[in-house]
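Chemist: Before we start, here is the structure in question, set down as structure tokens.
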Amino acid sequence: MSHHIVEVQDLTHTYPDGSAAVRGISFRIHHGESVAVVGANGAGKSTLLLHLNGYLTPQGGTVRIGDFPLTKATVRDIRKTVGMIFQDPDDQLFMPTVYDDVAFGPLNLGLPSEEIEIRVQQALVRTNTEHLRERPPYKLSGGEKRAVAIATVLAMSPDILVMDEPSSNLDPRARRSLIELLAGFHHTKIIATHDLDMVLDLCERTIVLHRGEVKADGPTVEIFNNAQLLMECRLEKPLSMQGCPVCGTSTSRV
């Protein structure tokens with residue numbers, strides 16, 4: 001299905017203060033892949049993700065989502081295909097109730113009320129948030145907000161999920177619930193994160209960014225076993241691949 005493909009070619013972006021956030025990034029992601037985008041702070045992860053849903057349009061190079069090149073004229077169509085989940089769920093939750101937030105996107109597509117109800121119900125069930133339907137979002141926990149934010153995107157029936165630091169500020173149980181939730185989705189998933197242990201659980205492929213450039217792109221375990229690469233890009237092995245600090249026993253995944 002070509003409409004699931006994400007292709008970036010020689011993408012560049014410089015902010016008004018003159019800082020070059022993205023410098024000639026290129027990659028291609030196919031239908032059904034789960035791909036992590038990792039790098040230290042300032043590597044260009046969030047700027048890259050904002051191009052995949054049309055919040056930013058290319059200053060140089062191209063972004064294609066399936067058959068559509070990203071332009072101001074195609075943004076509306078691309079946003080029907082790519083669902084963006086922001087780092088802070090409060091950026092996506094602004095309606096009086098959870099139901100209203102999840103229904104907001106389908107309502108703005110002009111769908112009939114029966115279809116909106118079906119989509120909302122399905123999204124709430126898939127994210128295990130059906131019991132929160134009438135709750136005001138500001139009264140939810142961090143994990144609940146994250147799950148509801150994902151539900152707002154799923155209600156739009158996207159083919160591709162793009163997530164910026166989805167596990168940030170979650171307690172261990174909420175983080176595990178999130179990983180289990182995302183593992184059950186068969187969408188194409190692109191996840192920018194510092195949570196490298198979550199990457200091991202969810203992503204068979206990892207793209208490493210450093211100072212706005214792609215430094216590596218390949219199988220996740222191979223990249224995380226490349227000590228020289230990690231050092232150069234100011235990253236460390238996931239905790240689950242490091243030796244026990246007490247007994248010295250290795251827990252490395254191979």
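Rule-based calculations on the coordinates, nothing more; no lab input. Bear in mind that the values here come from a model prediction, so they are computed numbers and not experimental data. Because the Cβ atoms are built from the backbone with ideal geometry, glycine has one as well, and the counts that use them run over all protein chains shown.
Chemist: Of all residues in the stretch 123-132 being out of contact with any Leu (no Cβ under 7 Å at 6 or more places or on another chain) and assigned to a helix (DSSP H, G or I), which is surrounded by the most Cβ atoms within 10 Å (Cβ to Cβ)?
Modeler: Per the stated criteria, the residue is Leu124.
Chemist: For the stretch 165-179, does any single residue satisfy the condition of being buried (at least 16 other Cβ atoms within 10 Å of the Cβ) and in contact (Cβ under 8 Å) with a residue 60 or more places away in the chain?
Modeler: Scanning the stretch 165-179, I find at least one residue that is buried (at least 16 other Cβ atoms within 10 Å of the Cβ) and in contact (Cβ under 8 Å) with a residue 60 or more places away in the chain, so the answer is yes.
Chemist: Failed condition for Thr152, given (1) part of a helix (DSSP H, G or I); (2) touching a residue at least 40 places away in the same chain (Cβ under 8 Å); (3) of a type in the set (S, T, N, Q); (4) surrounded by fewer than 18 Cβ atoms within 10 Å (Cβ to Cβ), with all others met?
Modeler: (4)
Chemist: Among the residues of the stretch 112-126, is there at least one that is at positive phi and not charged (D, E, K, R)?
Modeler: Within the stretch 112-126, none of the residues are at positive phi and not charged (D, E, K, R).
Chemist: Only residues that are out of contact with any Ser or Thr (no Cβ under 8 Å at 6 or more places or on another chain) and of a type in the set (Ser, Thr, Tyr): list them for the stretch 169-217, please.
Modeler: Ser177
Chemist: Based on this model, can you work out whether Val98 counts as crowded, with 22+ Cβ neighbours inside 10 Å and touching a strand residue (DSSP E or B) at 6+ places or on another chain (Cβ under 8 Å)?
Modeler: Considered against the rule, which asks whether it is crowded, with 22+ Cβ neighbours inside 10 Å and touching a strand residue (DSSP E or B) at 6+ places or on another chain (Cβ under 8 Å), Val98 comes out as no.
Chemist: Then there's this: Taking the residues in the stretch 14-39 that are touching a His at 6+ places or on another chain (Cβ under 7 Å) and farther than 22 Å from Gly184 by Cβ as candidates, determine which candidate is surrounded by the fewest Cβ atoms within 10 Å (Cβ to Cβ).
Modeler: Restricting to residues being touching a His at 6+ places or on another chain (Cβ under 7 Å) and farther than 22 Å from Gly184 by Cβ, the top hit is Ala21.
Chemist: For the stretch 199-246, how many residues meet the condition of being acidic (Asp, Glu) and under 20 Å from the mean Cα position of the chain (by Cα)?
Modeler: Counting residues in the stretch 199-246 that are acidic (Asp, Glu) and under 20 Å from the mean Cα position of the chain (by Cα) gives 4.
Chemist: Which ranges mark the helices (runs of 4 or more DSSP H) fully within the stretch 5-122 that have 3 or more residues being over 25 Å from Leu230 (Cα atoms), in contact (Cβ under 8 Å) with a residue 12 or more places away in the chain and touching a helix residue (DSSP H, G or I) at 6+ places or on another chain (Cβ under 7 Å)?
Modeler: Counting at least 3 such residues, we get 98-108.
Chemist: Let me ask something else. Being among the β-branched types (Val, Ile, Thr), closer than 20 Å to Val153 by Cα and free of Cβ contacts under 8 Å to residues at least 40 places away in the same chain, is that true of even one residue in the stretch 181-198?
Modeler: No, the conditions are met nowhere in the stretch 181-198.
Chemist: Can you tell me how many residues within the stretch 69-95 are among the aromatic types (Phe, Trp, Tyr) and surrounded by fewer than 17 Cβ atoms within 10 Å (Cβ to Cβ)?
Modeler: Going through the stretch 69-95 one residue at a time, the tally reaches 1.
Chemist: Another question about this same structure. Among the listed residues Leu11, Leu49, identify the single one that is farther than 23 Å from His187 by Cα and surrounded by 14 or more Cβ atoms within 10 Å (Cβ to Cβ).
Modeler: Only one candidate qualifies: Leu11.
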